[in-house]
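Below you'll find the structure, written out as structure tokens, and then a few comments.
The values are calculated or read from the model by the stated rules, or taken from the named source; none is laboratory data. Only a predicted model underlies this, so the values are computations on that prediction, with no experimental measurement involved. Cβ: placed from backbone, ideal geometry, glycine included. Neighbour counts: every protein chain shown.
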Amino acid sequence: MTVPAQPELAFEPEAQPPAPVAAAADALAALRAEVARVFGIGELRPFQEEAIRANLAGRDLLLVLPTGGGKSLCFQAPALVRRGLTLVVSPLIALMKDQVDGLCENGVAAAMLTSAQETDERRAVHAALERGDLRLLYVSPERLAVDGFVERLVALGLAAIAIDEAHCISHWGHDFRPEYRQLGRLRARAPGIPLHAYTATADERVRADILSELGLVDPLVLVAPCDRPNLVYRVQPRRELSKQLREVLERHRGEAGIVYCISRKEVERVDAELRAAGFASVAYHAGLTADRRKRAQDDFANERVDIVVATVAFGMGIDRTDVRFVVHAALPKGLEQYSQETGRAGRDGLAAECVLFHSGADYFSWKTLMERSHEEARAAGDEPDATALERSLDRLGEMRNFTTRFVCRHKQLVEHFGQAWTTPGGCEACDVCLGEIALAPDSTILAQKILSAVVRCQQRYGAAHVTDVLRGAETEAMRRTGHDQLSTYGLLRANTVAEVRAWIDQLVGQDLLRISGDQYPILVVSPTGSEVLKRQREVVLYALPVARPKRTRGATRSGPLDGASDAASGGASDAAASSADPALFDRLRALRRALARERGVPPYLIFNDRTLEQMATSKPRTVEEFRAVKGVGDKKAADLGPAFLACIAGEG
Ligand code: ADP
Ligand code: ZN
């Protein structure tokens, strides 16, 4: 760990009486200058600025800002200019290590304390703390529990405490961590020290929990728009997963991505298939040894593999910001999981694609699984919360509605998280708004034909048989059952087997048909399905084939989180994506990989893709021009400038 010289202290520590307006403005100006010098970031985003003002004023704070919104800067920037130490609590060692390495790369005195460190290393950190050499210290909640630790930090001059992933403190959140509960004692252990909570997702209940558990006093609560405008959402019925998956991956050759599957078996199968097809992929699930999981994570972080095929167990702790696509091979079990998992794409603000392949059967697999685990918990004598199963099924139902409603995906997600959708017109970043979904003509009549065939078959046959009836198949089974005499026989003669099967699947997905039967799956009409037959309800069905999506690079709106000047400069990413020299971009990435290997850090800590794209666009020739690229601070300009300039000049 290197401990560089302290930056000039720009202002006094939070004085108790509110600072005069002029002093506050000075403090912010000093902070902006430091942020530009150290991180090469020229503009604070609107929410960052508000959060940072509160932070500098010594006020308690809760900031809810979507992934990629730039939460870290909100506690890192004040730490640069304020006297005293900023303590950061984070749940995962991998996350901490990444941030600490990143800060050190930028010349900021930061360190961490975890149980995974050697005694020597910990001792060095403690010594640096005692000398007052550190600006930021990252710790796990367990570490914080050590007797007298927090009290010692207070004695040494603790200025503020930042709690990352603060939703982990709440039972209502999707990622409750018992070790976070003890953070409730921080207020008493560090009296008068401002507490700042940060999270990407927290609905109202979770927010209320965070405020009360941490005992925040008169906090500023900021909830940023949760939309991720640079993500392009696509939802498609799953027909031939291998083929559909291949199409997505071909659009993203050489780029980073994650493929989520429901089961370990499916992970292994998909991973093997991808490798056989020449993709650099690796499997990741909870059934692998800790060693193999770690290797998979490292290989992905260090760009030795492009694609991780994983169960939901993979994600947190992955800070790679250039994930260009996330595929769900099946329906996730709720919109919280879905947005958390898709949220791992495009953290650098550049366009990324999220594709969800689903089938009507997914809903029922989840439902069975949920009911079974509820029963098992009961059998084991743990009386599960009676409403827990109901809540899980509600969440699953909402997830299914997301796939079957033909409403802008961004709008659906934003409204689900309790915010208003105010973008006029389409989002231009989802299959619905891009007009990629071809609907079947006369969907309601089509649905009635299928539902009535199910009724005529006395709700005793499966999808294959019903399809044969509708298509007028001339088979022994039709003759034997007399179903070739039904009025519905041959009603969909003009359609293919694939089409009819896909529509049946969609009807199941919309809960108009249900799959029942102990031995063989048979189709039955649900109560809502009956309403369709009575013409009391309209139905919308996809036509096949679904329109082929265009390549997504560049199909991005600039985010509401970006400052006006960011948008004025062409949304940064749009401009870069369109005019960057692709060959140079690839050379820069190769150089970044080599330097990362040399320094033993993941490549994205050298520079992120957004910064490389800018280099490949503006092609700086001097150190000054290089320093002007967004994301290049003083230390990196001096450290890395020569190597990158040589590469840009074609000598690399
Ligand atoms: P979060 O923790 O909210 O998911 P991060 O703090 O990891 O997001 O930031 C995501 C990316 O955005 C990082 O690459 C970071 O350097 C960049 N970033 C943060 N703030 C700004 C800003 N004001 N201007 C440009 N880039 C920024
Ligand atoms: Zn849309």
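For (1) crowded, with 19+ Cβ neighbours inside 10 Å; (2) within 16 Å of ligand 2 (Cβ to nearest atom); (3) more than 22 Å from residue 169 (Cβ to Cβ), each residue gets a yes or a no:
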{"position": "39", "(1), (2), (3)": "yes, no, yes"}
{"position": "43", "(1), (2), (3)": "no, no, yes"}
{"position": "47", "(1), (2), (3)": "yes, no, no"}
{"position": "55", "(1), (2), (3)": "yes, no, no"}
{"position": "82", "(1), (2), (3)": "yes, no, yes"}
{"position": "96", "(1), (2), (3)": "yes, no, no"}
{"position": "105", "(1), (2), (3)": "yes, no, yes"}
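If you go through region 499-509 one residue at a time, do you hit one that is part of a helix (DSSP H, G or I) and either at positive phi or within 16 Å of ligand 2 (Cβ to nearest atom) (or both)? Can you show your working first?
Applying the first criterion (part of a helix (DSSP H, G or I)) to region 499-509 yields 499-509.
Of the ones still in play, those that are also either at positive phi or within 16 Å of ligand 2 (Cβ to nearest atom) (or both) are none.
No: zero hits.
The numbered conditions (1) at pLDDT below 85; (2) more than 16 Å from ligand 2 (Cβ to nearest atom); (3) over 23 Å from the mean Cα position of the chain (by Cα) are all true for residue 425 except (2). Taking the criterion of being in contact (Cβ under 8 Å) with a residue 24 or more places away in the chain, out of contact with any helix residue (DSSP H, G or I) (no Cβ under 6 Å at 6 or more places or on another chain) and either within 24 Å of residue 605 (Cα to Cα) or surrounded by fewer than 16 Cβ atoms within 10 Å (Cβ to Cβ) (or both), the residues of region 272-302 that qualify are 277, 280, 286, 297, 300, 301, 302. The lone criterion from (1) within 13 Å of ligand 1 (Cβ to nearest atom); (2) crowded, with 20+ Cβ neighbours inside 10 Å; (3) at pLDDT 95 or above left unmet by residue 73 is number (2).
For residue 457, the test of being hydrophobic (A, V, I, L, M, F, W, C) and more than 16 Å from ligand 2 (Cβ to nearest atom) is passed. Can you tell me which residue within region 434-455, out of those that are within 21 Å of residue 538 (Cα to Cα) and in a loop (DSSP other than H, G, I, E, B), is farthest from ligand 1 (Cβ to nearest atom)? Restricting to residues being within 21 Å of residue 538 (Cα to Cα) and in a loop (DSSP other than H, G, I, E, B), the top hit is 442.
Can you find a residue in region 312-332 that is touching a helix residue (DSSP H, G or I) at 6+ places or on another chain (Cβ under 7 Å), β-branched (Val, Ile, Thr) and surrounded by fewer than 19 Cβ atoms within 10 Å (Cβ to Cβ)? Taking every residue of region 312-332 in turn, at least one turns out to be touching a helix residue (DSSP H, G or I) at 6+ places or on another chain (Cβ under 7 Å), β-branched (Val, Ile, Thr) and surrounded by fewer than 19 Cβ atoms within 10 Å (Cβ to Cβ). Being of a type in the set (Lys, Arg) and in contact with a strand residue (DSSP E or B) (Cβ under 7 Å, 6 or more places away or on another chain) narrows it down to one of 181, 205, 187, so name that one. 187 is the lone residue from the list that is of a type in the set (Lys, Arg) and in contact with a strand residue (DSSP E or B) (Cβ under 7 Å, 6 or more places away or on another chain).
Each row is one residue, and each column tells you yes or no for (1) crowded, with 18+ Cβ neighbours inside 10 Å; (2) farther than 30 Å from residue 417 by Cα; (3) assigned by TED's automatic domain parsing to the domain that holds residue 213.
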position: 117; (1), (2), (3): no, yes, yes
position: 121; (1), (2), (3): no, yes, yes
position: 127; (1), (2), (3): no, yes, yes
position: 136; (1), (2), (3): yes, yes, yes
position: 167; (1), (2), (3): yes, no, yes
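Yes or no, residue by residue, for (1) surrounded by 19 or more Cβ atoms within 10 Å (Cβ to Cβ); (2) within 20 Å of residue 340 (Cβ to Cβ); (3) in contact (Cβ under 8 Å) with a residue 40 or more places away in the chain; (4) not assigned by TED's automatic domain parsing to the domain that holds residue 153:
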position	(1), (2), (3), (4)
178	no, yes, no, no
191	no, no, no, no
198	yes, yes, yes, no
204	no, yes, yes, no
212	no, no, no, no
216	yes, no, yes, no
237	yes, no, yes, yes
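Residues that are among the small types (Gly, Ala, Ser), surrounded by 15 or more Cβ atoms within 10 Å (Cβ to Cβ) and more than 10 Å from ligand 2 (Cβ to nearest atom) were ranked within region 428-449; the one that is nearest to the chain's Cα centre (by Cα) is 440.
Could you check region 81-122 and list, in sequence order, the residues that are β-branched (Val, Ile, Thr) and not in a loop (DSSP other than H, G, I, E, B)?
Here is the first cut: in region 81-122, the residues β-branched (Val, Ile, Thr) are 81, 86, 88-89, 93, 100, 108, 114, 119.
Passing the criteria: 81, 86, 88, 89, 93, 100, 119.
Within region 351-377, being within 27 Å of residue 541 (Cα to Cα), of a type in the set (S, T, N, Q) and assigned to a helix (DSSP H, G or I) holds for 365, 368.
Considering (1) away from ligand 1 (no atom under 16 Å from the Cβ); (2) within 21 Å of residue 300 (Cβ to Cβ), the lone condition that residue 231 does not fulfil carries the number (1). Pull up region 291-310, narrow it to residues that are at pLDDT below 90 and of a type outside the set (Asp, Glu), then point me to the one that is farthest from residue 590 (Cα to Cα). Among those residues, the one meeting the criterion is 293.
For every residue, the table says whether it meets (1) away from ligand 1 (no atom under 16 Å from the Cβ); (2) among the hydrophobic types (A, V, I, L, M, F, W, C); (3) closer than 29 Å to residue 204 by Cβ.
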position: 357; (1), (2), (3): yes, yes, no
position: 366; (1), (2), (3): yes, yes, yes
position: 382; (1), (2), (3): yes, no, yes
position: 394; (1), (2), (3): yes, no, yes
position: 404; (1), (2), (3): yes, no, yes
position: 411; (1), (2), (3): yes, no, yes
position: 416; (1), (2), (3): yes, no, yes
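Run down 595, 605 and say which single residue is more than 22 Å from residue 252 (Cβ to Cβ), at pLDDT 50 or above, touching an Asp or Glu at 6+ places or on another chain (Cβ under 6 Å) and not assigned by TED's automatic domain parsing to the domain that holds residue 47. Walk me through it before giving the result.
On the way: 595 fails: touching an Asp or Glu at 6+ places or on another chain (Cβ under 6 Å).
Exactly one of 595, 605 is more than 22 Å from residue 252 (Cβ to Cβ), at pLDDT 50 or above, touching an Asp or Glu at 6+ places or on another chain (Cβ under 6 Å) and not assigned by TED's automatic domain parsing to the domain that holds residue 47, namely 605.
Quick check: is even one residue across region 390-409 within 28 Å of residue 519 (Cα to Cα) and not in a helix (DSSP H, G or I)? No - not one qualifying residue is present in region 390-409. If the condition is being over 20 Å from residue 110 (Cβ atoms) and either more than 9 Å from ligand 1 (Cβ to nearest atom) or assigned to a strand (DSSP E or B) (or both), then region 34-48 contributes 46, 47. Within region 395-418, take every residue that is touching a residue at least 40 places away in the same chain (Cβ under 8 Å) and more than 15 Å from ligand 2 (Cβ to nearest atom) and give me the one that is surrounded by the fewest Cβ atoms within 10 Å (Cβ to Cβ). Looking at the filtered set, the residue picked out is 418. Taking the conditions (1) of a type outside the set (S, T, N, Q); (2) part of a helix (DSSP H, G or I); (3) under 18 Å from residue 263 (Cα atoms) in turn, residue 308 satisfies each one other than (2).
Return the residues of region 447-479 that are of a type in the set (Asp, Glu) and touching a helix residue (DSSP H, G or I) at 6+ places or on another chain (Cβ under 9 Å); say none if nothing qualifies. Across region 447-479, the qualifying residues are 468, 474. Note on region 54-80: residues that are within 25 Å of residue 107 (Cβ to Cβ) and assigned to a helix (DSSP H, G or I) total 12.
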